[in-house]
Amino acid sequence: MEDGAVGPLRYGDVQVVVAQGAVPVVALGTVGGMLHPRGGARVAAIGPALLGVLLRVMPALGQVAA
C-alpha cells in the first residue's frame, strides 16, 4: 500500500555536503573577497552568482532522488 512517504534520498549525503560545506565557504569567501582591496567588485559579482547556483542545485538533487 502506498502511503506517500518518500524513501531514502539517493543524494542525501551530497545535499548535506553542499549545505554544510559549500554554502558557508562561498558565503564567507564572498564577504572576505568583497572586503579585500583588490578584486572586490569581481568577487561581489561572482559570489552571489555561485550562491544562486547552489540554491538551484539543492532542490535539483532532491528532485533526482524522488
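Accessible area per residue for the range 12-57 in Å², computed with a 1.4 Å probe and the full protein assembly in place, what is it?
On a per-residue basis, 70 Å².
Go ahead and run the numbers for FRET between residue 44 and residue 17, Cβ-Cβ distance against an R0 of 22 Å, rounding to 0.05.
Numbers: r = 26 Å, r/R0 = 1.17.
Plugging the Cβ-Cβ distance into 1/(1 + (r/R0)^6) gives 0.30.
Can you order the peptides 34-41, 18-25 by their average number of other Cβ atoms within 10 Å per residue, highest first?
Values: 34-41: 10.0, 18-25: 12.9.
Ranked from most to least packed, the peptides come out as 18-25, 34-41.
The values are calculated or read from the model by the stated rules, or taken from the named source; none is laboratory data. Everything numeric here is computed off the predicted structure, so don't read it as measured data. Neighbour counts are summed over all protein chains in view; Cβ atoms, including those assigned to glycine, are modelled from backbone coordinates with ideal geometry. Calculation scope for accessible area: heavy atoms of the full protein, side chains included, ligands and nucleic acids excluded. Shrake-Rupley method; radii C 1.70, N 1.55, O 1.52, S 1.80 Å.
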